[in-house]
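Worksheet: one structure, shown below.
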Amino acid sequence: MKDEEIIEEVLERIVPSKEEKEEIERAVSEIEDRISIEARKRGLEVEVMLVGSIAKGTYLKNSLDIDIFILFPSGYPKDEMRDHSLDIGKEVLQDWKIQYAEHPYIRGKYGKYEVDIVPCYRIKDASEKMSAVDRTPFHTEYIRKNLKNKNEVRLLKQFLRGIGCYGAEIKVQGFSGYLAELLVLKYGSFRDVLKNSQNWKGKVVLSLNGTSNISFPERFVFIDPVDPSRNVAAALSPQKLEFFIFAAGEYLKNPKIEFFFPRKVAPLPLNKIKEEIKDFIGICMPRPDLIDDILYSQVKKATKNMEKLFQENDFAVAESLYYVNGRIMIMAKLKEKKISESKVHMGPPENKGEHVEAFLSKWKGNHNVIKGPYLKDGRWWVEIRREYNDAHALLNEKMANLNLGKDLNKLKSKAKICEDGDFVNKENASFWTEYIIGKPPWER
C-alpha cells in the first residue's frame, strides 16, 4: 500500500463517527450536570471543566476515557477540596476507585465510559500552580486555541500506540497525548514529526514560543508553552525515545499499516518457550492491589536492585526484565548462573610503597585467600575465594535484605526464587513469544 492509502485507512479506523461524538458529548454533559448539582448541594462555588483529549478533539475512536476537573478557589484547604471531590465522585460514578496523584482523585464508570473526576485549583496563570494538575486546564485551552488539524495528532497517537510508545505513565514511559499534540503543532503534520525526529541527535530542546531559563537534565526536552519551567517530555525514557526515532525512520523508508495496527502474535506452545528460556533467575510474587504508577515504580526499582546485587557479586547480567499480570516476575538473564569459586584480584604496582603495604596488610593471612599475595609483571596480585559462586544461593540468602520497594517488601514471605521454565505459563505466553521472536511490532 502507498503511504496515502495507509493514512486514509488508518483515519477511517481511528476518527470517531458523528454518532460517537454526539454520544460522548451527551455523556459529558450529563456528568457535568450531576457534578454541578452535587457541588451546589454542598454549597461549593466551583467550576466544572472537561479537559484532556475529548475536550481538545484529539481522542481516538473507541478511546472512551473522560477527564473532568473540579476547579476550586485558590485559597481552598486541600483536605476539604479532596474530601468534597471524592464524595461527589462517589455519587456520580459507579464501580469507583480512589486513585492517587498529587491530590487523590476518583475513577469510575459512567455507562460504558471510564471517567476521572479530579480536583484542582482555579488559577489565573500557570506560573501560580499549586499542584501538578493545576496546569491541565491551561493545556486544554492552549491546544483548543492553536491546533487546527486534529487528525494529524490522531495519526501520531495511533502510530505511538502501535509501536508501544504511547503514554507517559511509569508502566510505559512514552509520549503523553499532550506531547504528541505539541509535536504536531511544532512540525505541522504527522509525517513531518517523523521526518524531523531523524534529526534528534544528542541534546534536543524544542519549544513553540521561546526558550526557558531552566537547564533541563533530560536529553529530550519540549518546553511547556503554558509553563516554561516544565519539560513536557520529562517522563519519556531514553529507550522509548530512541525506539520512536528508529520506528519513524523505518516507516518513512517502508510505510506499512502494521506500524499503526500490529498483528497479534500467536503464542508459541509452552514447551517451546521453556526450551528457549535459559539462564534466567529472579523473583516471583503475587501482585498487590496498587495503582499502576506505584506498582511499576517499585517493580522497576526491584529489578534494578536485583541486577545490582548480581553485578556486585561478579555475576554478569546479560539483561534484566520484568513482567506483571496476575503475578510479578522480576528477572535477570545471566551469562552464567554458576561462576568459578575464586577470582584474581589486582593490587598496586610494586613501586607504590604505601599502597603495597596496605594491600599486603589486608590480604596476608586472610582466610579468603587461596593464593598469594604474589608479584607478577611488576604488580601485586591475590587469588581470593568468592563469597558466592551460585546465583540461586546468593539470591536466596540476600533476598531478605534486598530492597524491592515499600509495598513489595511486605510480600517477601510470599515470594519465591524462580528460574527459567518457572517463569513460563499460559498468561505470559504472548510476552515470551514476542521476546523470543525479537522483532519490532510492525514486523511480527
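Points worth noting:
- Label point distance in nm, residue 47-residue 171, each placed 7 Å from Cα along Cα→Cβ: 3.2
- Take 357-365, 221-229 and order them by the average number of nearby Cβ atoms within 10 Å per residue, most first; the result is 221-229, 357-365.
- Remark: region 316-444 carries 58 Å² of accessible area per residue (probe radius 1.4 Å; ligands, DNA and RNA excluded).
- Rounded percent of accessible protein surface that carbon and sulfur make up, region 82-174, 1.4 Å probe: 43
- Temperature 4 °C, viscosity 1.567 mPa s: under these conditions the Stokes-Einstein estimate for region 39-86, based on its Kirkwood radius over C-alpha pairs, is 104 µm² per second.
- Between residue 400 and residue 256, the contour length at 0.36 nm per residue exceeds the alpha carbon distance by 46.9 nm.
- Equivalent ellipsoid semi-axes, the chain, via Cα gyration tensor eigenvalues times 5, rooted, Å: 48, 27, 25
- Region 378-419 residues near the modelled residue 355 label - backbone nitrogen below 20 Å, point 7 Å along Cα→Cβ: 378-384
- Relative contact order for region 137-287, counting Cα pairs under 8 Å that sit 6 or more residues apart, in percent: 24
- Cα-Cα separations in region 1-99 greater than 15 Å, expressed as whole percent: 68
- Within the accessible area of region 263-348, the carbon and sulfur atoms contribute 48%, probe 1.4 Å, all protein chains present.
- Whole-angstrom gap from region 268-292 to region 1-73, using each part's C-alpha centre: 38
- Radius 12 Å from Cβ of residue 175, net charge of other residues (Lys, Arg +1; Asp, Glu -1): +1
- Here the Karplus relation 6.51 cos²θ - 1.76 cosθ + 1.60, evaluated at θ = phi - 60°, turns the backbone of region 262-276 into coupling constants of x, 5, 6, 7, 7, x, 5, x, 4, 5, 5, 4, 5, 5, 8 Hz, with x for every Gly and Pro.
- Cα gyration tensor shape of region 206-290, rounded if a/c is under 1.5, else prolate or oblate by comparing a/b with b/c: oblate
- Helix runs (DSSP H) in the chain reaching 20 Å along axis by Cα, Kyte-Doolittle at least -0.5: 238-253
- Reach of residue 148 by Cα under 21 Å, taken over lysines that are not fewer than 8 positions away in the same chain: 18, 21, 56, 61, 157, 186, 195
- Long-range amide H partners of residue 380 with built H, under 5 Å: 347, 350
- Average Cα contact separation per residue, region 369-413, under 8 Å, 6 or more apart, as relative contact order %: 24
- Normalised by the number of residues in the chain, the mean separation of alpha-carbon contacts (under 8 Å, six or more apart) gives a relative contact order of 13 percent.
- Remark: region 143-267 carries 45 Å² of accessible area per residue (probe radius 1.4 Å; ligands, DNA and RNA excluded).
- Counted charge near residue 333, where neighbours are those whose Cβ lies closer than 12 Å (Asp, Glu -1; Lys, Arg +1): -4
- Contour excess over end-to-end distance, with Cα ends at residue 409 and residue 444 and 0.36 nm allotted per residue: 8.9 nm
- Approximating the spin labels as points 7 Å out from Cα along Cα→Cβ, the residue 321-to-residue 301 distance works out to 2.5 nm.
- 13 Å reach of a label modelled at residue 426, 7 Å along Cα-to-Cβ, counting backbone N of region 254-272: 270
- The 3J(HN,Hα) values that the Karplus relation (6.51, -1.76, 1.60; θ = phi - 60°) gives for region 319-326 are, in residue order, 6, 10, 8, 8, 8, 10, 9, x Hz. Gly and Pro appear as x.
- Taking 4.7 Å between C-beta atoms as the pairing limit, the chain has these partnerless cysteines: 120, 165.
- Net charge of Cβ neighbours under 13 Å - reference residue 199; Lys, Arg +1; Asp, Glu -1: +3
- Counted over region 348-416 with a bin width of 5 Å, the fraction of Cα pairs per bin, in whole percents, is 3, 14, 17, 12, 10, 9, 9, 10, 9, 5, 1.
- For residue 204 and residue 266, the FRET efficiency from 1/(1 + (r/R0)^6), where r spans their Cβ atoms and R0 equals 60 Å, is about 0.95.
- Dividing the Cα radius of gyration of region 308-373 by its Kirkwood radius returns 1.21 for Rg/Rh.
- For the pair region 199-266 and region 408-444, the centres of their Cα atoms are 28 angstrom apart.
- Annotation for region 331-398 versus region 84-116: alpha-carbon center distance of 58 Å.
- Within region 58-212, DSSP assigns beta bridges of which about 50% are antiparallel (rounded to the nearest 5).
The values are calculated or read from the model by the stated rules, or taken from the named source; none is laboratory data. It should be emphasised that the depicted structure is a prediction, and the values quoted were computed from it without experimental measurement. Reconstructed Cβ throughout: ideal geometry from the backbone, glycine too, with neighbour counts over all protein chains shown. For accessibility, only protein heavy atoms count, side chains too; no ligands or nucleic acids. Shrake-Rupley method; radii C 1.70, N 1.55, O 1.52, S 1.80 Å.
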